[in-house]
Amino acid sequence: MYVVSVTIHVKSDQIAPFIEATLDNARHTRQEPGNVRFDVLQAEDDPNRFLLYEAYATAEDFAKHQQTPHYLRWRERVAEAMAQPRLGIKHHSLFFGDSEG
């Protein structure tokens, strides 16, 4: 399993459009054959901070995701909404749900 967590700080006046664009991307990503999970989370203590938790069967599936029309559309739509550059951290799963890696 290949997991990517992305922290995004969004401008206060851009929260609603960011959520709309991100949910559109998440729904389409869940239809990709290599995607296992896509969670969109908003911080409890800071409504401007979001976490995208994405799980893919392989690193190659994540790379394919980054070439999809919905991802490219999302990237363009949210560029101006970000208060600072997003931080993506890639992980190799050691334990995922009921199974190893």
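Overview of values
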{"quantity": "Options Phe18, Ala55, Leu41, ranked by Cα towards positive dipole end of the chain, top entry (Cβ charges)", "calculated": "Phe18"}
{"quantity": "Within the accessible area of the chain (1.4 Å probe), percent carbon and sulfur", "calculated": "52 percent"}
{"quantity": "Accessible area per residue, Å², the chain with all protein chains present, probe 1.4 Å", "calculated": "61 Å²"}
{"quantity": "Evaluated at q = 0.17, 0.22, 0.24 Å⁻¹: base-10 log I(q)/I(0), Debye formula over Cα of the chain", "calculated": "-0.76, -1.18, -1.34"}
{"quantity": "Å³ per residue enclosed by the Cα convex hull of segment 19-74", "calculated": "75 Å³"}
{"quantity": "Kirkwood-based shape ratio for segment 54-96, expressed as Rg/Rh from alpha carbons", "calculated": "1.03"}
{"quantity": "Sparse-neighbourhood loop sites, GluC sites (Glu not before Pro) in segment 40-101 - DSSP loop, at most 10 other Cβ within 10 angstrom", "calculated": "Glu44"}
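The values are calculated or read from the model by the stated rules, or taken from the named source; none is laboratory data. Source: prediction; values computed, not measured. Note that each Cβ is placed from the backbone with ideal geometry, even for glycine, and that neighbours are counted across all protein chains shown. Quick note on the areas: whole protein, heavy atoms, side chains included, nothing else; ligands and nucleic acids left out. Shrake-Rupley method; radii C 1.70, N 1.55, O 1.52, S 1.80 Å.
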